[in-house]
Amino acid sequence: MYKVFKQIGKDTFILTIGSISTKALGFILLPLYTRTFSVSEYGTIEIVNIVAEMAGILMALGMPSAFNREFLQISDTEEQRKETLSTSFLFISVFSFFVMVIAIAFSGKLAFCLNLNNSIVPSLFRLIFIKTFFLTFGIITLRYMIVTGKMTAYAFLSFLWAAFAIMVSIWVLLIQKKGLYELYLYQTILAASFGIGYSIFLFHRAGFQWSGQRLIRMLHFALPMVPAAISFYIMTSSDRFFLQKLTSTADVGIYGVAYRIGLLSQMLIVIPLTTSISPTIYRIAKREDSGIIIQRLFEITCFIFIASAVGLSLASPYLVRLLAPAPYWSASSVVIWISVAYALYGLNFVLVAGINISGKSYYQTIAIAIAAGLNLILNSLLIPHWGIMGAAIATTIAYFIQTLLTGLFAQHLYLIPYRFIRTSVIAFIIFLSYWILNLIPVEPLAITIITKFLFFLLILSITSIIFFKKEVLAVWNKIRHILVLRSSKG
């Protein structure tokens, strides 16, 4: 069991670099955007980028998840894996092109429906659809690197993309003093360059190999994932559309800042860890102790995700002041809800193990669809009264329902001896510490930060020793062994 966790830890460390590189773009560029654009303009950026995410979901058509399963669980030989890689890429390239053409044709009507009165918004939509089309080329490429263990290459490409994207933004906004249209234009050119490079790489690795039978099998798994992806999109993005319709674009901008900060724990912890967990679960599915490993994995990830969400929330008042001017400072009040929502989102990747192993992906679709429907209802009820706070609460409740349903369905399909009471106690202790530490006033700034950090670290240390004694001892023995070896060499 320790070897499995050790491998997940190594993969997670490298994947964190890749995740920081790509997902951190919005966070790294936040100070630049909030000081260059007005609150309403930043709200427009949020809406345009969310529409791009929706286009990306439709273009991918659930193939990344199907590729993972086909490559790791079904393909036995190197030739079969190459065929899987080539078929996935050829299909996703052709399909995403047609989605892009249709989306571009309706750009004007989309801007009108979203009540975006800025005259350049239709042009921004057209650019963002082209950019998303080229970025879709990279989905299978990066998945291929992950499943084949080429973590360093994945991290390098992710870092390269992020570095160029940051340089382009700085060049356009600070040096050239241009606006939104030019920013999206040069970002699209950059995406096209990377997309062409990904295409060349994949054809070099797999050639032109097409298998209709393999595609049908992948689509059988992938298509039920599309409603799930759309439902997930509704949960992550519908609040911005409701805010746009029921309050103002300025509220969308403030909420967008809160979202960027709330996503930090997802970017640094949740995504890297869950990305390394998913293929690992497929690999250990046939082991006799797979249930025990997944049970323990769930408890550890719950502790890590909730702790990172609460820690981030304690720091949010200071982060908002650091990254954005005064008009955005009210965003800090909702970071706790957003960060907890994405902690729950991360737990789904462990709980969904039974669904994925059984191959019945439509159960996940049902869970997400129910949660998404609830999210729409809650947004319509809470946002008119509570604004951005109502949007954040609606998101957290929806993710809790999704997590609950995913766990129930997964247990029905593939029973795992989870200890939910134990896990709930761990979560309660961490949330209690947030409530207590949050009573400390924001000022004086430096003393408050140090005090909260030290007390929270103490609580986490005690909790980990009580509930994860074996894992803590294993890590400590490993560290001690390394120190002994170094001292003997010295």
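Quick notes
- Residues in segment 394-452 that are under 24 Å from the mean Cα position of the chain (by Cα) and β-branched (Val, Ile, Thr): THR395, THR396, ILE397, ILE401, THR403, THR406, THR423, ILE426, ILE430.
- Test set (1) surrounded by fewer than 17 Cβ atoms within 10 Å (Cβ to Cβ); (2) within 12 Å of ASP239 (Cα to Cα); (3) of a type in the set (Val, Ile, Thr) - ILE393 fails condition number: (1)
- Look at (1) surrounded by fewer than 18 Cβ atoms within 10 Å (Cβ to Cβ); (2) closer than 30 Å to SER119 by Cα; (3) not β-branched (Val, Ile, Thr) and you find that GLY256 fails only one, number (1).
- Taking residues in segment 151-170 that are touching a residue at least 24 places away in the same chain (Cβ under 8 Å) and within 17 Å of GLY195 (Cα to Cα), and partners anywhere that are surrounded by fewer than 16 Cβ atoms within 10 Å (Cβ to Cβ) and of a type in the set (Ser, Thr, Tyr), the pairs with Cβ atoms closer than 9 Å and at least 6 places apart or on different chains are PHE164/SER193.
- The residues of segment 150-166 that are over 11 Å from LEU29 (Cβ atoms), of a type outside the set (Gly, Ala, Ser) and surrounded by fewer than 17 Cβ atoms within 10 Å (Cβ to Cβ), listed by number, are LYS150, THR152, PHE156, PHE159, LEU160, PHE164.
- Boolean, ILE196 is in a helix (DSSP H, G or I), more than 22 Å from the chain's Cα centre (by Cα), at pLDDT 80 or above and over 28 Å from LEU297 (Cα atoms): yes
- Answer residue from segment 177-233, given it is among the hydroxyl-bearing types (Ser, Thr, Tyr) and not assigned by TED's automatic domain parsing to the domain that holds THR84 and is surrounded by the most Cβ atoms within 10 Å (Cβ to Cβ) among those: SER231
- Boolean, LEU183 is part of a helix (DSSP H, G or I) and farther than 30 Å from LEU85 by Cα: yes
- Qualifying residue in segment 195-214 (condition: touching a residue at least 12 places away in the same chain (Cβ under 8 Å) and in contact with a Gly (Cβ under 8 Å, 6 or more places away or on another chain)): yes
- Some residue of segment 433-445 being surrounded by 12 or more Cβ atoms within 10 Å (Cβ to Cβ), assigned to a helix (DSSP H, G or I), modelled with pLDDT under 80 and among the small types (Gly, Ala, Ser): no
- Residue ID - modelled with the highest pLDDT, chosen from residues in segment 2-49 that are touching a Lys or Arg at 6+ places or on another chain (Cβ under 7 Å) and surrounded by fewer than 20 Cβ atoms within 10 Å (Cβ to Cβ): PHE27
Table: residues versus (1) in contact (Cβ under 8 Å) with a residue 40 or more places away in the chain; (2) aliphatic (A, V, I, L, M); (3) farther than 20 Å from SER237 by Cβ; (4) buried (at least 21 other Cβ atoms within 10 Å of the Cβ).
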| position | (1), (2), (3), (4) |
| --- | --- |
| GLU299 | yes, no, yes, no |
| VAL310 | yes, yes, yes, yes |
| SER316 | yes, no, yes, yes |
| VAL335 | yes, yes, no, yes |
| TYR363 | yes, no, yes, yes |
| HIS385 | no, no, yes, no |
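- In a residue-by-residue description of segment 172-188, the property of being on the phi > 0 side of the Ramachandran plot and touching a helix residue (DSSP H, G or I) at 6+ places or on another chain (Cβ under 9 Å) applies to no position.
- Index of the failed condition, SER330 passing every other in (1) over 15 Å from ILE401 (Cα atoms); (2) of a type in the set (Ser, Thr, Tyr); (3) at pLDDT below 80: (3)
- As for segment 413-422, it holds no residue that is assigned to a helix (DSSP H, G or I) and surrounded by 21 or more Cβ atoms within 10 Å (Cβ to Cβ).
The values are calculated or read from the model by the stated rules, or taken from the named source; none is laboratory data. In this text the structure is predicted, and so the values were computed from the model without any measurement. No Cβ is skipped: glycine too gets one built from the backbone with ideal geometry, and neighbour counts run over all protein chains shown.
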